[in-house]
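Report on one structure; see the data block that follows.
Throughout, read-outs are computed from the coordinates displayed, never taken from laboratory work. All values reported here derive from a predicted model rather than from experimental measurement. Cβ: placed from backbone, ideal geometry, glycine included. Neighbour counts: every protein chain shown.
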Amino acid sequence: MNRILTNIQLIRQRMIQACTLADRNPAEVKLLLATKTIAPASIITALEAGETLIGENKVQELKEKSTALSHIPHQSHFIGHLQTNKVNDVIRYVSCIQSVDRISLAEKLQKRLEYEDRSIDIFLQFNTSFEASKFGADPSTATTFAKGIAQFDRLRIKGLMTIGLFSADPLQVRKCFRLLKNIQHQILNSGIPAHELSMGMSNDLETAIEEGATIIRVGTAIFGTRPFPDSYYWNEKQ
Ligand SMILES: *Cc1c(COP(=O)(O)O)cnc(C)c1O
């Protein structure tokens, strides 16, 4: 069988096992395919096998792949660092932006969405690892930040997103996910319906599911190793 399909089955098994161990219903956890650098043919293989949700990190890539994927029903989320000058483009291609991490970005989105008279789903991204290289809002100002974003009526806050620490120490990774869950608690208490938690990737999805993830984002474990290091996607200077 095709390598991608075998890998998806393995991930689905890992998800079910993690849910069972955490006493959670597997239907509560969605799989998002992180498709940066992956050619449309491979993405189509996954979608034809029944997957429905993909995430891209760069607006240019979204654009380039959109025609090739247009014949097959699926949802696209934006999961990368979003530059303010790409706002007009990105909202043409995705149903949700998971990486809203600053007020200035939300402001630009609101303006454009008002102009187009529509709205969009968003997640708030937090930097739970406190690494300078990672994007995301500061967890210590979470509620203020969420309330600030909630002022923009064209943005529907659906959840929170984070990238966990890259660490061989599972305890350190778990801390990041637990922090996001804590932040969610605070934000829910302030009346903002951020019910989804997007956290966990190829190496740490079990931990994320144990800590309450409702969306895991998996690339490498399905499509194989990427040609560029992740710093290429996560570094502000690129
Ligand atoms: C690339 C990427 C992933 C997937 O990471 P893998 O380790 O390849 O599974 C998840 N989330 C974001 C934001 C990414 O950029």
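Given C-alpha coordinates of region 158-238, what is the ratio Rg to Rh with the Kirkwood estimate of Rh?
The Rg/Rh ratio comes out at 1.01.
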- [ ] Treating cross-link reach as a plain straight distance, find the aspartates and glutamates whose alpha-carbon is under 15 Å from the alpha-carbon of LYS158, omitting any fewer than eight places away in the same chain.
- [x] GLU28, ASP101, ASP121, GLU196
Task: Spin-label pair ARG3/SER70, simplified geometry with 7 Å Cα→Cβ offset, distance in nm - done: 3.1 nm
- [ ] Go through region 5-14 residue by residue and turn each phi into a ³J(HN,Hα) via Karplus (6.51, -1.76, 1.60, θ = phi - 60°); whole Hz please, and just put x for glycine and proline.
- [x] 5, 4, 5, 4, 4, 5, 5, 4, 5, 4
Open item on the list: If I build a Gaussian network model for the chain, linking alpha-carbon pairs within less than 10 angstrom, which residue out of ALA18, ALA27, ALA221 has the largest mean-square fluctuation?
Closed with: ALA27
TODO: In whole Hz, with x marking every Gly and Pro, tabulate ³J(HN,Hα) for region 168-181 from phi via Karplus 6.51 cos²θ - 1.76 cosθ + 1.60, θ = phi - 60°.
DONE: 6, 8, x, 5, 5, 5, 4, 4, 4, 5, 5, 5, 5, 4
Open item on the list: Counting other beta carbons within 10 Å of each residue's own, what order do HIS81, HIS71 fall into, fewest first?
Closed with: HIS71, HIS81
Task: Kirkwood hydrodynamic radius over Cα pairs of region 2-223, then Stokes diffusion coefficient at 10 °C and 1.306 mPa s, in µm²/s - done: 90 µm²/s
Open item on the list: Once you keep just the Cα pairs under 8 angstrom separated by 6 or more residues, what percentage relative contact order results for region 114-238?
Closed with: 23 percent
TODO: For every helix of n ≥ 4 consecutive DSSP H residues, a contribution of -39,500 (n - 2.57) applies; sum these over the chain, divide by its total residues, and give [θ] at 222 nm rounded to the nearest 500 deg cm²/dmol.
DONE: -13000 deg cm²/dmol
Open item on the list: What distance in nm lies between label points placed 7 Å from Cα along the C-beta direction at GLU116 and ASP138?
Closed with: 3.2 nm
Open item on the list: If amide hydrogens are placed 1.01 Å from N in the peptide plane, which non-local residues have theirs closer than 5 Å to the one on SER99?
Closed with: PHE123
Task: Fewest-first ranking of CYS176, CYS19, using other Cβ atoms within 10 Å as the exposure measure - done: CYS19, CYS176
Task: Sequence-separation-based contact order of region 2-223, relative, with Cα cut under 8 Å and 6+ spacing, percent - done: 21 percent
